[in-house]
Amino acid sequence: MMRLHNLRPRPGARHRVKRLGSGESSGHGKTSGKGHKGQKARSGGSIRLGFEGGQMPLIRRLPKRGFNNAAFRATYAIVNLSDLNEFKAGTVVNEELLRESKLVRGDVAGIKILGDGELKHALKIEADKVSESAKAKIEKAGGTITMREPAMRKPTAGADDVDQTAKESETATKSKKKSTTAKAKKKASKKR
């Protein structure tokens, strides 16, 4: 029987501390596993990944080709059905509620519901994406799922603003033409 006096950590949970600089017989004496001198032997002396001593690193020597879409990738917050069991039956589960309950954190493009686990009661779920298995389990539990509409991009300038900018550009080009013709006439008169 387990009691307070015979509680012990699991085998392998505790490790011996690596004793550094405690004599030659310790196996980690003298240089303490850091070798002889140099930048890495100093305290606080660490080199960042990819640093090649000041010479042009390999990542900058190689040519870059093609287009990488990683910067524009939309990341979705993943929520499993087993996580939704903490909400009461009939609750409207949306992004605000998931953020309050700390199931969704950070800046995400939307919420994706996955079918890991079982849903015990009916919920009204609002999400951006749902897997087929999750959808089947939600409907089986008597719940409903509504897909959120993707955020529409707002136009940077209205139709009136576009017309006004077009008119301004036309007047600017006309004034430039007039100034160039006037300069050409002056030059021609000076030559005579």
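The values are calculated or read from the model by the stated rules, or taken from the named source; none is laboratory data. For clarity, every value in this text was computed on a predicted model and none was experimentally measured. Because the Cβ atoms are built from the backbone with ideal geometry, glycine has one as well, and the counts that use them run over all protein chains shown. Accessible surface is based on the protein model in full, side chains and every heavy atom, while ligands, DNA and RNA are left aside. Shrake-Rupley method; radii C 1.70, N 1.55, O 1.52, S 1.80 Å.
Annotations
- Close amide H pairs (under 5 Å, H built 1.01 Å from N) link Val130 with Ile113, residues at least 5 positions away or on another chain.
- For the listed residue pairs Lys18/Lys40; Lys102/Lys137; Lys37/Lys64; Lys112/Lys140; Lys64/Lys129, the alpha carbons are over 27 angstrom apart in Lys37/Lys64; Lys64/Lys129.
- The stretch 1-83: chymotrypsin sites (Phe, Trp or Tyr not before Pro) falling in loop per DSSP and having at most 16 other Cβ within 10 Å: Phe51, Phe67
- Anisotropy class of the stretch 1-135 from Cα gyration tensor, a/c 1.5 cut: oblate
- Cβ-derived FRET efficiency at R0 35 Å, Arg105 paired with Ser46, nearest 0.05: 0.70
- Take 32-43, 86-97 and order them by the average number of nearby Cβ atoms within 10 Å per residue, most first; the result is 86-97, 32-43.
- 3J(HN,Hα) along the stretch 85-102: 5, 6, 8, 6, 4, x, 6, 8, 9, 10, 4, 4, 5, 5, 5, 4, 8, 6 Hz, from the Karplus curve 6.51 cos²θ - 1.76 cosθ + 1.60 with θ = phi - 60°, whole Hz, x for Gly and Pro.
- All Cα pairs of the stretch 86-145, percent lying beyond 12 Å: 66 percent
- A Förster radius of 41 Å, combined with the Cβ-Cβ distance separating Ser131 from His15, puts the computed FRET efficiency at roughly 0.50.
- Sorted largest first by accessible area at a 1.4 angstrom probe radius, with every protein chain in place, the residues Met56, Met2 fall in the order Met2, Met56.
- Heavy atoms of Thr146: accessible area, 1.4 Å probe, square angstrom to 10: 70 Å²
- Heavy-atom surface analysis with a 1.4 Å probe gives the stretch 1-42 a carbon and sulfur content of 51 percent of its accessible area.
- Computed extension length for Phe67-Met1: 17.4 nm, one decimal, from 0.36 nm per residue of separation with the Cα-Cα distance subtracted.
- Solvent exposure of the stretch 57-143, expressed per residue, is 67 Å² of accessible area, with all protein chains present and a 1.4 angstrom probe.
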